[in-house]
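Some notes on the structure that comes next.
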Amino acid sequence: MPSPPVKLHVVGDEADHALAGLGPDLLGLLVDRINVGIFTVTADGTVLQWNRFLHAHTRLAPEEVVGRNIYERFPELPREWLERKLRGVFIIKNFAFTSWRQRPYLFKLEEHRPLTGGVAAMRQDCAFIPLVVDGEVRAVSVVIIDVTDTYESTKRLDETLVMLAAQSERDALTGVYNRRKLTEMLDNEAKRALRYHQRFSLLMLDIDHFKKINDTHGHLVGDEAIKHVAKRAVATLRTTDFVARYGGEEFVVFLPGEDATGAALAAERLREAVSQPFTAVGDLQLQLTISLGVTTFRPDAADPKALLGEADHALYESKRNGRNRVTVHALASLPSAVGTEPQD
């Protein structure tokens with residue numbers, strides 16, 4: 001037996017009076033012409049109404065949809081979710097809403113923004129409106145609002161925020177992490193290592209005779225020297241290692257899971273990699289060396305500032321003993337220095 005026709009009405013004496021002489025066709029025209037999708041279904045899923053917006057975007061005319069079961073006509077719909085949503089409106093007799101953030105779309109409608117569109121399907125907000133007759137919900141109208149512009153603006157904003165967040169923790173010259181991010185990371189890692197009995201090591205390094213490079217070739221070449229060290233560090237070390245520019249020509253490397261022996265070997269690999277000649281600016285071939293200091297996390301040296309101080313002291317020893325070498329802090333388990341003979 002077909003469902004009884006659903007009459008839409010506006011509640012209120014003044015509204016009833018204003019619409020009394022206009023007839024039901026005006027409201028039907030409004031529903032059909034408004035620039036949102038509107039369809040109406042009964043509790044069993046029979047479609048009672050299908051407006052022009054949906055006709056245009058699905059290429060299905062009302063006569064092809066009205067009187068049909070919505071789930072049979074559109075088997076791609078999220079049936080379980082939609083039935084649950086509609087059932088709640090029929091039972092509670094109140095409005096319901098869903099956002100594109102919860103479900104990107106109800107109908108997968110093509111997006112018609114050939115120049116600026118960045119999505120394949122229209123993003124939709126949906127409102128579920130109960131149509132009550134004699135105290136009972138006879139049908140539910142579903143209003144579909146195209147919010148693709150909002151989605152794209154939000155997406156661009158999110159991408160910008162991610163980019164700004166990344167920039168705020170990266171060194172502008174080299175692209176490795178900056179000192180602020182290093183400080184934040186070390187504080188967290190030291191707490192984690194202390195609690196879970198994990199280990200890690202730190203390398204501190206800087207470029208030997210960097211002032212001479214700047215004075216001889218200029219600051220642009222000096223910048224290229226700094227970038228060369230950063231590139232070699234990222235390429236030589238593990239992807240899990242953390243490289244940060246500490247300041248000027250100084251870098252700090254965080255080596256998770258490494259003891260003093262492993263850290264010293266990693267430092268030696270990095271020292272050798274950095275010493276290979278590279279093209280700085282134009283045809284200028286440059287060769288430089290670095291000095292490194294190594295220290296290892298210990299329960300009695302869990303303060304990040306103290307660890308950085310130990311690495312800095314070991315680096316100073318490398319400098320004092322001739323540069324271009326790796327020195328392990330005296331409290332670690334290795335001899336005080338490994339590396340090549342001093343070079344100036």
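The values are calculated or read from the model by the stated rules, or taken from the named source; none is laboratory data. These numbers come from a predicted model, not from an experiment. Cβ: placed from backbone, ideal geometry, glycine included. Neighbour counts: every protein chain shown. The protein model used for the area step is the full one, side chains on, heavy atoms only, and it has no ligands, DNA or RNA in it. Shrake-Rupley method; radii C 1.70, N 1.55, O 1.52, S 1.80 Å.
How many residues, within region 284-300, are open to solvent by less than 10 Å² (accessible area, probe 1.4 Å) and in a strand (DSSP E or B)?
The number of residues fulfilling the criteria is 6.
How many residues does region 54-66 hold that are open to solvent by 60 Å² or more (accessible area, probe 1.4 Å) and closer than 23 Å to VAL137 by Cα?
1
Keeping to region 250-283, report how many residues are open to solvent by less than 50 Å² (accessible area, probe 1.4 Å) and farther than 22 Å from GLY175 by Cα.
7
Based on what the data block shows, is SER275 modelled with pLDDT under 95 and over 22 Å from ARG179 (Cα atoms)?
No.
Taking the conditions exactly as written (over 30 Å from THR261 (Cα atoms) and outside any loop (DSSP other than H, G, I, E, B)), does LEU173 satisfy them or not?
In short, no.
With (1) farther than 30 Å from LYS191 by Cα; (2) open to solvent by 60 Å² or more (accessible area, probe 1.4 Å) as the list, and VAL221 as the residue in question, which single condition is left unmet?
Just one mismatch for VAL221, condition (2).
Within region 302-325, how many residues turn out to be open to solvent by less than 10 Å² (accessible area, probe 1.4 Å) and touching a Leu at 6+ places or on another chain (Cβ under 9 Å)?
5
Condition check: surrounded by 15 or more Cβ atoms within 10 Å (Cβ to Cβ), at pLDDT below 90 and more than 12 Å from LEU205 (Cβ to Cβ). Does LEU334 satisfy that?
Yes, satisfied.
So, in region 229-249, exactly how many residues are more than 20 Å from ALA193 (Cα to Cα), open to solvent by 20 Å² or more (accessible area, probe 1.4 Å) and not in a strand (DSSP E or B)?
Number of matching residues: 7.
Quickly run through region 231-249 and pick out the residues that are free of Cβ contacts under 8 Å to residues at least 60 places away in the same chain and not hydroxyl-bearing (Ser, Thr, Tyr).
LYS231, ARG232, ALA233, VAL234, ALA235, LEU237, ARG238, ASP241, GLY248, GLU249
Just checking, does region 250-273 include any residue being within 21 Å of LYS211 (Cβ to Cβ), in a loop (DSSP other than H, G, I, E, B), touching a residue at least 12 places away in the same chain (Cβ under 8 Å) and over 27 Å from the mean Cα position of the chain (by Cα)?
Checking region 250-273: not a single residue is within 21 Å of LYS211 (Cβ to Cβ), in a loop (DSSP other than H, G, I, E, B), touching a residue at least 12 places away in the same chain (Cβ under 8 Å) and over 27 Å from the mean Cα position of the chain (by Cα).
Among all residue pairs at least 6 apart or on different chains, which show Cβ distances below 8 Å where the first residue, located in region 178-191, is of a type in the set (Val, Ile, Thr) and the second is part of a helix (DSSP H, G or I) and open to solvent by less than 50 Å² (accessible area, probe 1.4 Å)?
Between residues of region 178-191 that are of a type in the set (Val, Ile, Thr) and residues that are part of a helix (DSSP H, G or I) and open to solvent by less than 50 Å² (accessible area, probe 1.4 Å), the close pairs are THR183/PRO304.
If a residue has to be within 25 Å of GLU317 (Cβ to Cβ), within 28 Å of the chain's Cα centre (by Cα) and in a helix (DSSP H, G or I) to count, how many in region 177-212 make the cut?
So the count comes out to 7.
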